[in-house]
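The values are calculated or read from the model by the stated rules, or taken from the named source; none is laboratory data. Not measured: the values here are computed from a predicted model. Here the Cβ is made from the backbone with ideal geometry for all residues, glycine too, and neighbour counts use every protein chain on show. What goes into the accessible areas is simple: the full protein's heavy atoms, side chains included, and nothing from ligands, DNA or RNA. Shrake-Rupley method; radii C 1.70, N 1.55, O 1.52, S 1.80 Å.
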Amino acid sequence: TRIWYKTLKPDVSFEITPDMLTDMLPDTIYIQAAMDSKPPINIAEHVEKLFAYPYGCLEQTTSGIYPHVILSAADFSRLNIAGQSDEDRQKKVEIGIQRLLEKQKPGGGFGLWSAQSRENAWLSAYATDFLVNARQAGFNIPDAAYSKAVNRLKTYVRRHGSVQTRSRNDQNSYRAAA
């Protein structure tokens with residue numbers, strides 16, 4: 001299989017020449033072209049799938065409310081996603097923040113299912129990133145919870161061994177990611 005992805009500027013062409021098809025069996029050659037002024041991704045479909053996460057764990061809760069922080073009601077409308085007024089977005093984010101903070105441990109990290117779950121460093125970083133973006137977007141994040149989350153990430157980075165990994169060789173990748 002050979003695939004060419006090309007972004008063409010106006011008045012520029014792309015030609016598939018015979019020499020580009022060498023080593024291919026003539027009866028198996030199939031050429032398909034797609035053209036669009038937008039990237040070939042259905043953003044609305046992906047955003048809507050985020051809303052349908054069924055379990056309520058930390059990752060799914062965060063992922064399900066993230067679009068409401070980064071997209072406005074007008075953005076949802078342009079994507080033909082119904083029922084996303086500014087009031088709806090506000091309410092969903094507030095409920096989502098409450099659910100996230102219920103999973104926050106006393107030290108600032110987050111558990112997968114609750115504050116009693118074992119702390120997960122990667123998901124703590126993801127949830128904290130969400131809280132930072134939500135606060136920057138104007139959503140209310142309680143100061144104490146926000147500070148604890150950010151300080152926990154600082155601990156991951158500054159204190160060697162603060163993140164338990166499955167492999168000793170993996171420690172620096174955790175520190176870099178946080």
Members of the stretch 27-57 found to be within 24 Å of S124 (Cβ to Cβ), assigned to a loop (DSSP other than H, G, I, E, B) and among the hydrophobic types (A, V, I, L, M, F, W, C), listed by number: C57
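Here's a check for you: in the stretch 140-161, which residue that is open to solvent by less than 90 Å² (accessible area, probe 1.4 Å) and over 17 Å from Y126 (Cα atoms) is modelled with the lowest pLDDT? Talk me through it step by step, then tell me what you get.
Here is the first cut: in the stretch 140-161, the residues open to solvent by less than 90 Å² (accessible area, probe 1.4 Å) are 141-142, 144-157, 161.
Checking which are over 17 Å from Y126 (Cα atoms) leaves us with 142, 144, 161.
Numbers: P142: 97, A144: 97, G161: 68.
So the residue we want is G161.
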What pairs come out if I take residues in the stretch 73-97 that are among the acidic types (D, E) and pair them with residues that are not in a loop (DSSP other than H, G, I, E, B) whose C-beta lies under 7 Å away, six or more apart or interchain? D86/A73
Tell me whether the stretch 53-68 contains one or more residues that are surrounded by 10 or more Cβ atoms within 10 Å (Cβ to Cβ) and modelled with pLDDT under 80. yes
Being assigned to a loop (DSSP other than H, G, I, E, B) and out of contact with any His (no Cβ under 8 Å at 6 or more places or on another chain) is the requirement here; does G64 meet it? no
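Kindly indicate which of K105, K92 is crowded, with 16+ Cβ neighbours inside 10 Å and at pLDDT 95 or above. Talk me through it step by step, then tell me what you get.
On the way: K92 fails: at pLDDT 95 or above.
Among K105, K92, only K105 is crowded, with 16+ Cβ neighbours inside 10 Å and at pLDDT 95 or above.
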Close pairs (7 angstrom Cβ cut-off, 6 or more residues apart or separate chains): assigned to a helix (DSSP H, G or I) in the stretch 102-131, among the hydroxyl-bearing types (S, T, Y) and open to solvent by less than 20 Å² (accessible area, probe 1.4 Å) anywhere: A121/Y156; Y126/T62; A127/T62; F130/T62
